[in-house]
Every structure is written in C-alpha cells, then in structure tokens.
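Peer 1: Can you read through this structure? Questions will come right after.
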Amino acid sequence: MTVKETELKGCFIIEPKIFDDGRGYFFESFNQNKFQELTGLNPIFVQDNQSMSQRGVLRGLHLQRGTFAQAKLVRVIKGKVLDVVVDLRPESSTYGRSFSIVLSEENKKQLFVSRGFAHGFSVLEDNTIFSYKCDNYYNKESEDGIIYNDAELNIDWMLEESEIQLSEKDKLLPNFKPL
C-alpha cells in the first residue's frame with residue numbers, strides 16, 4: 001500500500017497494491033503495522049459501518065465532539081462518491097479548509113480522517129456501498145455537523161443542487177462558525 005498525506009495534516013490517502021488476474025482481484029484493505037509505519041499513527045478501530053445510497057444522496061458534514069470524537073478510515077466497495085473533510089481543529093494551520101477526493105470501486109482508494117474533522121460524502125452513482133471504520137463508538141449526544149452548502153466553505157459536491165437528497169437531520173445542521 002502507498003500512503004500520501006493530504007494538504008490537511010492528519011488526512012491520508014491510501015492506495016492498496018492490487019493483484020489482478022483473469023479470475024478477479026485481491027488486495028489488502030488495511031494492515032495496522034504498515035499503516036503505523038507509514039503514518040506514525042496507531043488507531044484502534046472499534047466499529048465498522050456501511051451504507052448504501054443512490055445518486056444524489058449527500059451525507060454530512062458530520063462529526064462527534066469531545067471524548068467521542070472519531071477518526072475514520074473510509075472507502076467505497078461499490079459505486080462512487082465525492083468524499084469531503086473539513087479541518088475543525090482550532091490549533092491547526094489548515095483550520096476551516098476542506099479537502100475532497102473521489103473514492104470508487106474502480107480506484108479502490110481510501111481516506112483516513114483524523115479526529116477533529118467534519119466528514120461527508122455525496123453519492124455519484126446509484127447503489128453505492130460506502131464503508132468506514134471508526135476508532136471510537138458512536139454517541140448520539142456528541143454528534144454535531146455543518147450544513148453542506150455553507151457559503152464560507154463553498155464545497156463543490158459534484159452534484160446539481162436539484163439532485164441533492166438530505167436527511168431531515170442534515171437539513172437542520174448549522175453553518176460553519178470560524179473562530
């Protein structure tokens with residue numbers, strides 16, 4: 001696997017080495033020792049989540065605060081998404097900046113997102129299966145987020161506004177409030 005840190009310190013793009021032949025393919029989707037060696041980080045994942053969505057669904061921007069903050073390792077098993085993170089760490093030199101990457105079943109890239117980031121994704125193909133590992137358990141009282149169309153963040157979700165489908169909860173998320 002190769003690991004490259006994004007311009008947002010603490011977010012890493014992971015590209016597996018894929019062994020492909022006439023029967024199909026094989027790749028190692030995660031190896032704790034290699035990840036620690038290449039990043040210096042040692043997350044212990046305690047919860048795996050998976051969702052299936054249709055084109056136009058936008059999930060996010062979500063985070064958990066305090067002792068229930070989560071680091072995540074995200075990937076697409078089937079389909080394609082635009083994955084987006086926003087740095088919300090006040091001490092960070094990239095505070096308030098976002099990063100996005102297309103994750104798909106074709107490119108098999110993954111994104112590691114450290115604690116302190118808001119995370120979301122827009123679904124670019126029908127029947128997309130999105131999977132993520134978390135290093136902390138979900139806690140409803142700790143959840144927070146930022147509205148997807150915040151003017152200051154100005155994120156291009158690669159969808160027309162008329163296509164975007166939000167949950168009722170995500171429609172009520174607040175705007176980004178810079179320090």
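Taken together, the values in this text are just the output of simple stated rules run on the coordinates, not laboratory data. These numbers were taken from a predicted model, which means no experiment stands behind them. Please note: Cβ atoms are built from the backbone with ideal geometry, for glycine as well, and neighbour counts cover all protein chains shown.
Peer 1: Label GLU105 and GLU5 with points 7 Å out from Cα along Cα→Cβ: what is the distance between them in nm?
Peer 2: The answer from the label model is 3.4 nm.
Peer 1: Using a Förster radius of 25 Å, what is the FRET efficiency between ASP144 and GLN36 based on their Cβ-Cβ separation? Nearest 0.05, please. List each step's numbers first, then the result.
Peer 2: Values: r = 29 Å, r/R0 = 1.15.
About 0.30, to the nearest 0.05.
Peer 1: Loop-only chymotrypsin sites (Phe, Trp or Tyr not before Pro) in the stretch 135-179, please: DSSP not H, G, I, E or B, and at most 16 other Cβ atoms within 10 Å.
Peer 2: When the chymotrypsin sites (Phe, Trp or Tyr not before Pro) of the stretch 135-179 are filtered for loop state and at most 16 Cβ neighbours within 10 Å, TYR137, TYR138 remain.
Peer 1: Oh, and also: Are there any trypsin sites (Lys or Arg not before Pro) in the stretch 20-64 that are in a DSSP loop and have at most 13 other Cβ atoms within 10 Å? List them by number.
Peer 2: Hits after loop and neighbour filter: ARG23.
Peer 1: If you don't mind, there's one more thing I want to ask. Return the whole-Å distance between the Cα centroid of the stretch 103-178 and the Cα centroid of the stretch 7-74.
Peer 2: The stretch 103-178 and the stretch 7-74 have Cα centres separated by 14 Å.
Peer 1: For every helix of n ≥ 4 consecutive DSSP H residues, a contribution of -39,500 (n - 2.57) applies; sum these over the chain, divide by its total residues, and give [θ] at 222 nm rounded to the nearest 500 deg cm²/dmol.
Peer 2: The helix-only estimate for the chain comes to -1500 deg cm²/dmol at 222 nm.
Peer 1: With only alpha-carbon atoms in the gyration tensor, what are the semi-axes of the equivalent ellipsoid for the chain, in Å, largest first?
Peer 2: 25, 21, 15
Peer 1: Pairs to check: LYS78/LYS133; LYS4/LYS78; LYS17/LYS108; LYS4/LYS34. Give those whose C-alpha atoms are more than 18 Å from each other in this structure.
Peer 2: Going by Cα-Cα distance, LYS4/LYS78 fall outside the 18 Å limit.
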